[in-house]
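The values are calculated or read from the model by the stated rules, or taken from the named source; none is laboratory data. Just so you know, these numbers come straight off a predicted model, no measurement behind them. Here the Cβ is made from the backbone with ideal geometry for all residues, glycine too, and neighbour counts use every protein chain on show. Areas reflect the complete protein model, heavy atoms only, side chains present, ligands, DNA and RNA absent. Shrake-Rupley method; radii C 1.70, N 1.55, O 1.52, S 1.80 Å.
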Amino acid sequence: MKNREKSTGRRKFLGTAAGAALAAGAVTQIRPRAVSAQSNGKLKVVLTGTGIRGSGMWGKRIVDNYSDKVEFVGLCDRNSKRMAFVKDYLGLKCPTFSDLEFDSMIQQTRPDAVIITTMDCFHAKYICRAMELGCDVITEKPLCTDEGMCQNVMDTEKRTGKKVRVTFNYRYGPAAVRIKEILMSGEIGKVTSVDFSYYLDTDHGASYYRRWHGYKQYSGSLLVHKATHHFDLLNWWLDAEPATVNAQGDLRHYGFNGDFHSLRCMNCPHKNKCKYYWDITGNEFMMNLYVKPETEDGYIRDHCLYSKDINIWDTMSVQVKYHNDVFLNYSLNSCMPYEGFLVGFNGTRGRLDAREYHRQPWDVDGLADIRVSMLHGESRKLTIPHGGSGHWGADDKMQDMIFRGPIDDPLGQTAGSRAGALSIMIGVTARRSIEQQRPIAIEELVKI
Ligand SMILES: NC(=O)c1ccc[n+]([C@@H]2O[C@H](COP(=O)([O-])OP(=O)(O)OC[C@H]3O[C@@H](n4cnc5c(N)ncnc54)[C@H](O)[C@@H]3O)[C@@H](O)[C@H]2O)c1
């Protein structure tokens, strides 16, 4: 990680300088503009962060499916080589801007909305700046990675009157929707407690430790980066807001735990014995997106997952008490033979069990099994069919809602900054709880 760390000195300075200018109100204000169709009937957007999620979900999918509704007027990334490759891949003609040119980009291109798909730790900086400059925001999860950033986003949104939309695609998955409908129907009565376990496997789960996600300073740890999805689902399913958090976490498999350590998979002397060896050279797209541009920022995409400086946890346990007195027991384990989740809601009239299968070494029927069992009564089982590609069809549904709306939203799937904040704050507070070894009230850290 040496090269990447070297480059953060400059970045840190930029972040500080931009923040100071912002605080002093020194930067030219741009007239606010609502997110609505412009004269050509299209939403003008700029994409900030042209990595895998930016180029795919918020790049190629938009170009392919929503060109009649959405027009890219600018791209922004701190790596110009990656951005040039993505511009070409998407067939766009719009101008490109470095991270230092974010303000100029907004001033020149006058977008209606800024789409944010950078590393997690920079979301808040761009969310706030975009709103200050008069734009609405569509941001990838997590909203941000710590309590200070969270407070800034909430305060800036209130002050500017602009809107943040957090793209919680998991809310649109077919099993998540069915669970929400059953809970809303009142069939199992009032929920009193929940058990939720999420499993990440030795392929996808392991990949987090190869990337920037393995460092708290970039991702806020998996309690923020990954668990933000799960905590948002729980808050949404329960229609409740979290109050206090107690957590445990440890790194038991990856990082310093390895028997050998290297810089990266490419040319690794241990590749014949390492079960996690991953050959990026076999994937032309990944070579263009990451390996060729690495000369510019030093970011190594096939970084050794046994690097001794990895500082996130792979084994996590969190207890949450909600304001409506629901108890949640949550666990996240990222070195598992399969992926998916197991959830159980205990209600005053019955229990709802659900098991969602993502990546299994054995055959399963459909995406998920749900069982509803009544106290002293009957039990019924539902099999939820797989919804398709892109997070079980969720990505398509969410983008339709964003770009082809307004569409009725009876389940309240649209998520704003408050949902984003409440979900990351369970993870951030869990992180503080692990560090300080005590239960912590979320209100100690932020006023949402
Ligand atoms: N909702 C989902 O299911 C889902 C899935 C994948 C990723 N994501 C989110 O999407 C975001 C991007 O993830 P990714 O996997 O594409 O990562 P990535 O590393 O592939 O891409 C990140 C991009 O941001 C750029 N960048 C980093 N710091 C920047 C800065 N300060 N200014 C401008 N550009 C900067 C990098 O150069 C890179 O191009 C993350 O926030 C991640 O949490 C969400």
Over the stretch 137-155, the set of residues over 21 Å from L233 (Cα atoms) and surrounded by fewer than 24 Cβ atoms within 10 Å (Cβ to Cβ) is G148, Q151, N152, D155
Give the residues of the stretch 355-366 that are closer than 16 Å to Y198 by Cβ and either within 16 Å of the ligand (Cβ to nearest atom) or surrounded by fewer than 16 Cβ atoms within 10 Å (Cβ to Cβ) (or both), sorted by residue number. E356, H358, R359, Q360
With the structure loaded, tell me whether Y330 is in a loop (DSSP other than H, G, I, E, B), within 22 Å of Y208 (Cβ to Cβ) and of a type in the set (S, T, Y) or whether it fails that test. no
R171 passes all but one of (1) in contact (Cβ under 8 Å) with a residue 40 or more places away in the chain; (2) more than 13 Å from the chain's Cα centre (by Cα); which number fails? (2)
Evaluate the following for K87: is it touching a Pro at 6+ places or on another chain (Cβ under 9 Å), modelled with pLDDT of 95 or more, of a type in the set (D, E, K, R) and away from the ligand (no atom under 11 Å from the Cβ)? no
Where residues in the stretch 295-334 are farther than 24 Å from M425 by Cα and open to solvent by 40 Å² or more (accessible area, probe 1.4 Å), which of them is nearest to the ligand (Cβ to nearest atom)? E296
Check whether at least one residue in the stretch 131-141 is among the β-branched types (V, I, T), closer than 20 Å to I52 by Cβ and in contact (Cβ under 8 Å) with a residue 24 or more places away in the chain, and report yes or no. yes
Flag if R351 is over 29 Å from W313 (Cβ atoms), in a strand (DSSP E or B), free of Cβ contacts under 8 Å to residues at least 12 places away in the same chain and open to solvent by 30 Å² or more (accessible area, probe 1.4 Å): no
Could you tell me whether the stretch 232-248 includes any residue that is of a type in the set (A, V, I, L, M), under 24 Å from G420 (Cβ atoms) and assigned to a loop (DSSP other than H, G, I, E, B)? yes
Take the stretch 378-400 and flag every residue that is surrounded by fewer than 17 Cβ atoms within 10 Å (Cβ to Cβ) and not acidic (D, E). S379, R380, K381, L382, T383, P385, H386, G388, S389
Among (1) of a type in the set (D, E); (2) in contact with a Ser or Thr (Cβ under 7 Å, 6 or more places away or on another chain); (3) open to solvent by 60 Å² or more (accessible area, probe 1.4 Å), where does D369 come up short? (3)
Return the residues of the stretch 286-311 that are closer than 18 Å to H204 by Cα and assigned to a helix (DSSP H, G or I); say none if nothing qualifies. M286, Y290
Among the candidates K158, K163, which residue alone is away from the ligand (no atom under 12 Å from the Cβ), open to solvent by 30 Å² or more (accessible area, probe 1.4 Å) and without any contact (Cβ under 8 Å) to a residue 24 or more places away in the chain? K158
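One line per residue, one yes/no per condition, for (1) hydrophobic (A, V, I, L, M, F, W, C); (2) away from the ligand (no atom under 16 Å from the Cβ); (3) open to solvent by 20 Å² or more (accessible area, probe 1.4 Å):
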position	(1), (2), (3)
Y172	no, no, no
A176	yes, no, no
I179	yes, yes, no
I188	yes, yes, no
S193	no, yes, yes
Among all residue pairs at least 6 apart or on different chains, which show Cβ distances below 9 Å where the first residue, located in the stretch 34-59, is within 16 Å of the ligand (Cβ to nearest atom) and the second is open to solvent by less than 10 Å² (accessible area, probe 1.4 Å) and modelled with pLDDT under 95? M57/D395
Return the only residue of M316, M266 being closer than 26 Å to A84 by Cβ and either assigned to a loop (DSSP other than H, G, I, E, B) or in the same structural domain as L375 (by TED's automatic domain parsing) (or both). M266
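Per-residue answers, yes or no, for (1) among the charged types (D, E, K, R); (2) closer than 30 Å to R178 by Cα:
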site: W237; (1), (2): no, yes
site: V245; (1), (2): no, yes
site: H253; (1), (2): no, no
site: P269; (1), (2): no, no
site: K292; (1), (2): yes, no
site: C304; (1), (2): no, no
Return the residues of the stretch 64-77 that are within 16 Å of the ligand (Cβ to nearest atom) and either of a type in the set (F, W, Y) or surrounded by fewer than 23 Cβ atoms within 10 Å (Cβ to Cβ) (or both); say none if nothing qualifies. F72
Yes/no for A419 being modelled with pLDDT of 95 or more, open to solvent by less than 30 Å² (accessible area, probe 1.4 Å) and under 30 Å from Y66 (Cα atoms): yes
Is at least one residue of the stretch 112-129 away from the ligand (no atom under 16 Å from the Cβ), touching a residue at least 40 places away in the same chain (Cβ under 8 Å) and basic (K, R)? no
